[in-house]
Amino acid sequence: MTAAGKPISEAPILEVRDLATHFFTRAGVVKAVDGVSFSLNRGEIIGLVGESGSGKSVTGFSLIGLVDPPGRIVGGSVKLEGQELVGLNDAGLRKVRGARIAMVFQDPMVTLNPVLTIGQQMHLALAAHESISKRAARARSAEALTRVGIPDAPARLDAYPHQFSGGMRQRVAIAIALLHGTKAIIADEPTTALDVSIQAQILSEMRELAREMGTALVWISHDLSTVSTLASRILVMYAGRIVEEGPTAQVLRSPRHPYTAGLLRSLPAMAKPGTDLEQIPGTTPSLLDLPEGCPFRPRCDRASELCAKDPPMTRADDRGYRCHHTLEEMVSA
Amino acid sequence: MSEAFISINDVYKRFSPRLSMADRIVSKLGARVETRPVRAVDGVTLMVERGQTLGLVGESGCGKSTLGRMIAGILEPTGGQVRIDGKPVMQGGRKADTRIQTIFQDPFASLDPRMRVGDIIAEGPLAHGLADKAGERAYVAAYLERAGLDPSFADRFPHQFSGGQRQRIAIARALAMQPDVLVCDEPVASLDVSIQAQIVNLFLKLRREMSITLIFISHDLSVVRHVSDHVAIMYLGRIVESGPTEKIYTDPKHPYTKGLLESVPKLLVEDDALVHFKPIMGEIPSPLAPPAGCHFNPRCPIAVELCRSEDPRLRLIGPGHCAACHLAE
C-alpha cells in the first residue's frame, strides 16, 4: 500500500498472462484453465462468464493461489500491481491475500466461522496483516460493515453468522474482503444463492464501491444478466479458455463467437414467451476428452474443416474472439 | 357454478416448532408455553383450468414450495382444501391418487443412485397397474423417448448422466404415471443456461402434445414468463398478485411485483440504465413474525397508514387480474 509513491498511472491492478491451471488426475490431465489472459484496472469490473466446468472458478482460485493438488498452476503469470504471484510461496501469498487481493465465495455460511462473532472474525482478519488494538479493529470493522449497507453496524459486530440472513452474510463477507482497502476482489458467484431483490441490492452496492473506492472486481458468474448490469467488460469462457471478450454492451449486442451467440439466444428473456427457446445442441465436452481444434466445434453450426485447427485469439477494436467463422450482428438489440 | 380443474380453496399451512424438553416439562406442569407457528401458507385461493400452466413466483420463504407440495398431495393443509377435478388430493393425511406428479429441483437428490433408470421409471407404473412386467421395457422406452432420451439409457444408472439428462429422467418418471397435473418445483434452477433452454423446451413440448396441467414454481421471473399462462406472485405465505402472464409482466399492480420485476438484471441495458436500477429496500421479514397489516408495508415505497393496520384482501382489479393492495387500481 505504501509503495504507491509513484504517480497514479493507468497501470492495471491485476495483469494475467497465459494462465494455465491443470489437474493431474488418475484419468488424465484436465486442463481446467488453459491460457487465460486479461487485465483489470482500478475501479473496473469485469465479468467472467461461463457454464459449469468452463474453468471460471478455477481461474478465480488460481489468481490468489488457492489451487489444491492434484491441481497446479503450470504456466503463465498473475501480476498484482506489478508483483508476480505465480510461484510465490505460502508465506508470500498469505501476505498478499486478504490485504491486497481478496476473494468472496458463493456461500457465506461456509466462509464465515460459525463459532466466532462477526467482530472477532474481522479482528482476526485485520490482525493477520497489521498490529491493531481491539478498539481500533472494532471501529474499522464497523466502518466496513456500514460501507456495504449493514444497518446498525457497531451493534451487529457482536452477532454470530447464523443471526444474519443470507444477503447480510454475503455483505459481511464482502466487508471482510474490503477491510484492508483491498485493491482487487475476486467474487465467485456471490449472488447466486440470494433472492432477486437482495441480489439487486448487492449489485447496486458493489457498483458504488467500485466507483467510490476504486476497488477492482472480477465477477465470476454463470448469469449473463447479472454480469451485464455490473461489468464494463465481459469475458466468456468455454472449456478452459476465453472464447470471447470485449465491452459488455458490444459483446451482448453483437456476439462474434457462436458460443456466446448461442448462450444469448437460449435465454428466455430473448425469446417471445411460449415459443421454443433456441438451444445449443449437445453438452459441454469433458475436459479429459476435448475435441481436436476448436473445443466448441462439435456443437457449432458454423463449424468447417478449418475448425480442426485451433483458432487463435483475434483482437480487433477492443474485442477479442477465438473463432475461424465469426459472426457479426447476430442478435439485434 | 362450475369448479375449476384445480381449485385451491383458502389453504393454510402452519408449521409448529417442536418444543424443547424444558418447555415440554413446564407445559406438562400446567404453565403456558408460547409457541408461534410459522405461517408458511396463509390463506391461498387459486384456480387453474385444465391444460393451463400456472407459474408460482416468489423469493425464498414465501411459501411457494409449501403450496406446491400441498397441491401435489405431499403435505396436508392445516386448513382449506386442494381439489383436482372435484376430488380432494388428500384425505386424512393420505394422498388420494396418482393424478399428480412432482418434479424436484435437484435431479442429483431425487433419483435413487442404486436403481437403473428403467427401474426408476417403471417402479410407479408397475405398482399402480399402468404397466405389466411383460410390457415394462416398451413402456419405459416410450417415456424415455417422450422426455428426449435414448431408450437404451434404461439400463444405466443415474450417475452416468449429466444434470440436464437427469432432469429428463425425472420428467420421464413423472410422465410414466400418466398424471393430469405436474408440479414442477424449480425444475431448471440447478441447470446451466444452455441446458435450461433444452428443459424449458421440453416442458413447452409436453404442454403442446399432452393435455397436462402444469404448476411451475420458480424464482426465475424470465423462465416463468416463458412457460406460464397465468402467474401468481407470493410474499410471506400469501398471494399478492395473480393474473394472465403478460398482464402481470407488462402492467403489474402490486408494488412488490413491480419491485421484483425491476430487481431482475436486464440483459441489454442502455449505459445510463444502471442509474435507474432500484432494488426493493430492506429484507423479507421473518414468517414467524410477519408485520401487521399488509405484509409488504415495511418495504413498500407507497405504503400509507391504512397499510400498517389493515390487511388488504386479494381483489379483482381487471379481467382475471387480482392484487392484494389497498392502493392498486
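Selection within segment A:211-227: residues that are open to solvent by 10 Å² or more (accessible area, probe 1.4 Å) and either farther than 21 Å from A:F296 by Cβ or not in a loop (DSSP other than H, G, I, E, B) (or both). The member of this set that is nearest to the other protein chains (Cβ to nearest Cβ) is A:S225. Selection of segment B:298-323 for residues being under 17 Å from B:I284 (Cα atoms) and either part of a helix (DSSP H, G or I) or of a type in the set (G, A, S) (or both) yields B:P298, B:R299, B:A303, B:C307, B:R308. If you take the residues of segment A:294-324 that are open to solvent by 60 Å² or more (accessible area, probe 1.4 Å) and within 14 Å of chain B (Cβ to nearest Cβ), which of them is farthest from B:V223 (Cα to Cα)? Looking at residues that are open to solvent by 60 Å² or more (accessible area, probe 1.4 Å) and within 14 Å of chain B (Cβ to nearest Cβ), I get A:P298. If only residues of segment B:197-230 that are more than 23 Å from B:R99 (Cα to Cα) and among the charged types (D, E, K, R) are counted, the one that is surrounded by the most Cβ atoms within 10 Å (Cβ to Cβ) is B:R225. Scanning segment A:110-157 for residues that are touching a residue at least 12 places away in the same chain (Cβ under 8 Å), assigned to a helix (DSSP H, G or I), open to solvent by 70 Å² or more (accessible area, probe 1.4 Å) and of a type outside the set (D, E, K, R) turns up just one, A:P154.
Among the candidates B:A147, B:A141, B:A174, B:A154, which residue alone is under 26 Å from B:T66 (Cβ atoms), crowded, with 17+ Cβ neighbours inside 10 Å and away from chain A (no Cβ under 13 Å)? Quick ask: steps written out before the conclusion?
Working: B:A147 fails: under 26 Å from B:T66 (Cβ atoms); B:A141 fails: under 26 Å from B:T66 (Cβ atoms); B:A154 fails: under 26 Å from B:T66 (Cβ atoms).
Checking each option against the conditions leaves just B:A174.
B:R238 meets each of the listed conditions (1) open to solvent by less than 10 Å² (accessible area, probe 1.4 Å); (2) in contact with a His (Cβ under 9 Å, 6 or more places away or on another chain); (3) more than 14 Å from chain A (Cβ to nearest Cβ) apart from (1). Among the residues of segment A:35-57, the ones that are open to solvent by less than 30 Å² (accessible area, probe 1.4 Å) and under 22 Å from A:A261 (Cβ atoms) come to 11 in all.
For segment A:248-293, taking the residues that are at the interface with another protein chain (Cβ under 7 Å from one of its Cβ atoms) and β-branched (V, I, T), the one that is farthest from A:R233 (Cα to Cα) is identified as A:T283.
Just so you know, in segment B:255-269 the residues that are in contact with a Pro (Cβ under 9 Å, 6 or more places away or on another chain) and open to solvent by less than 30 Å² (accessible area, probe 1.4 Å) include one that is nearest to A:T248 (Cα to Cα), and it is B:S263. Take the conditions (1) closer than 22 Å to A:G75 by Cβ; (2) buried (at least 18 other Cβ atoms within 10 Å of the Cβ); (3) without any contact (Cβ under 8 Å) to a residue 40 or more places away in the chain; A:D289 misses just one of them, which is (2).
The values are calculated or read from the model by the stated rules, or taken from the named source; none is laboratory data. Being a predicted model, the structure only gives us computed values, none of them experimental. Reconstructed Cβ throughout: ideal geometry from the backbone, glycine too, with neighbour counts over all protein chains shown. With ligands, DNA and RNA removed, areas are computed over all heavy atoms of the protein, side chains included. Shrake-Rupley method; radii C 1.70, N 1.55, O 1.52, S 1.80 Å.
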